[in-house]
1. Go through (1) assigned to a helix (DSSP H, G or I); (2) closer than 18 Å to Gly118 by Cα; (3) open to solvent by less than 30 Å² (accessible area, probe 1.4 Å) one by one and return the number of the condition Phe142 breaks.
2. Return the total of residues in the stretch 193-225 being out of contact with any Pro (no Cβ under 6 Å at 6 or more places or on another chain) and open to solvent by 10 Å² or more (accessible area, probe 1.4 Å).
3. From the residues in the stretch 227-262 that are of a type in the set (A, V, I, L, M, F, W, C), touching a residue at least 24 places away in the same chain (Cβ under 8 Å) and within 12 Å of Leu280 (Cα to Cα), which one is surrounded by the most Cβ atoms within 10 Å (Cβ to Cβ)?
4. Just need a number here: residues in the stretch 163-193 that are outside any helix (DSSP H, G or I) and under 20 Å from the mean Cα position of the chain (by Cα).
5. Pick out the one residue from Arg305, Arg234 that is basic (Lys, Arg) and closer than 19 Å to Val139 by Cα.
6. Which members of the stretch 263-298 meet the condition of being of a type outside the set (A, V, I, L, M, F, W, C), open to solvent by 20 Å² or more (accessible area, probe 1.4 Å) and at negative phi?
7. Is it the case, given these coordinates, that Phe173 is among the hydrophobic types (A, V, I, L, M, F, W, C), without any contact (Cβ under 8 Å) to a residue 60 or more places away in the chain, open to solvent by 10 Å² or more (accessible area, probe 1.4 Å) and under 23 Å from Phe295 (Cβ atoms)?
8. Here is a check on your reading of the model: is Arg71 at pLDDT 95 or above, more than 19 Å from the chain's Cα centre (by Cα), open to solvent by 80 Å² or more (accessible area, probe 1.4 Å) and farther than 30 Å from Pro216 by Cβ?
Amino acid sequence: MSRRTVLAAATAAATAASAPGVANAAIPAAGRQAPGVYRYKVGAFEVTAITDGVARRPLDDSLVRNAPIERVREALADAFLAEDGKVPISFTAVVVNTGARLILIDAGTGGFLAPTAGQLYENLAAAGVDQRAIDTVLVSHFHADHIGGVRLKDGSLAFPNAEVVVPDAEWAFWMDDGQMSRAPEALQPAFKMARRVFGPMTKEVRRFQRDAEVAPGIVAIPAPGHTPGHTAFRLSSNSQDLIIWSDTTNHPALFVRHPGWHAVFDIDPDLAETTRRRMLDMVAADQSLVAGYHFPFPAVGHIARRGTDYDFVPVMWNPAL
């Protein structure tokens, strides 16, 4: 068969496929991701990573306080990020099923921060997790992307049967009217969000102290600096551990690789750096599994020491628990 004959046949087939009444295999592009859910085991506990989506923050001089923006751009370029001048910052909560309790650690943005975030409820449903079945909401700190989802936009509780458990030091800072009156304008929305979320339930919220066992198998690890009471958690079961370290390093392409850099999000940047270095050293030495709220989804992996520096090494996707 000649090349001309082949081309003619292909053209005829394409014309026939587009004719009325003829089936066409093409389908419209989906335009969005499938549900963001990933499960893994820590001992006898089942952990489910649930994405709440992502925000895209414009890259400017304020993002890293003590590094030239050229170096920040270089670090992001090394990670193939921020090509459009915006830094993607993802949000990943985790649900821990201990067999006796269903614990949500951090509650997402509630859809208040970005149109590309606020997907927690949808993804919980996709994971087969009924919001009414959550019996504990454990909060690492009071920034809006961690507590905004405690309430729906109509003000009702998103997890109506859950006990809400928070660090005492966070409560003491964010719920203090004096602190709010002295805070800079940039922090005022965080104070207001804390009051929106916790104001109607002041007497019901349980507060925990440093190093407390906040739930069976989950111990608080003080990690101050990002906020005054910022807390990480050690999840332990059957001699296996997971460090859920919240915002200790924020974006790993920046603050794991450069722990001395100070993020605009940290209230006390010097203390945050001290905490960050201590935590990085701990998990690298112990080869601990680490879940980070702003790690790329599924937001779990290890911290590797590279000489005097560190790197985040994500887990390989595994079809089995």
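The values are calculated or read from the model by the stated rules, or taken from the named source; none is laboratory data. Being a predicted model, the structure only gives us computed values, none of them experimental. Cβ sites come from the backbone with ideal geometry, for glycine too, and all protein chains shown count toward neighbours. For the accessible areas, the whole protein counts, side chains as well, though only heavy atoms, and no ligand, DNA or RNA atoms are used. Shrake-Rupley method; radii C 1.70, N 1.55, O 1.52, S 1.80 Å.
1. Result: Phe142 fails condition (1) only.
2. Residues in the stretch 193-225 being out of contact with any Pro (no Cβ under 6 Å at 6 or more places or on another chain) and open to solvent by 10 Å² or more (accessible area, probe 1.4 Å): 23 in total.
3. So the residue we want is Trp245.
4. Step one: list which residues in the stretch 163-193 are outside any helix (DSSP H, G or I), which gives 163-167, 175-176, 183-184.
Those left that are additionally under 20 Å from the mean Cα position of the chain (by Cα): 164-167.
Adding up the residues that qualify gives 4.
5. Arg234 is the lone residue from the list that is basic (Lys, Arg) and closer than 19 Å to Val139 by Cα.
6. Asp268, Pro269, Asp270, Glu273, Thr274, Arg277, Arg278, Asp281, Asp286, Pro296, Pro298
7. On the way: among the hydrophobic types (A, V, I, L, M, F, W, C): yes; without any contact (Cβ under 8 Å) to a residue 60 or more places away in the chain: yes; open to solvent by 10 Å² or more (accessible area, probe 1.4 Å): yes; under 23 Å from Phe295 (Cβ atoms): no.
No, not satisfied.
8. So Arg71 passes the test.
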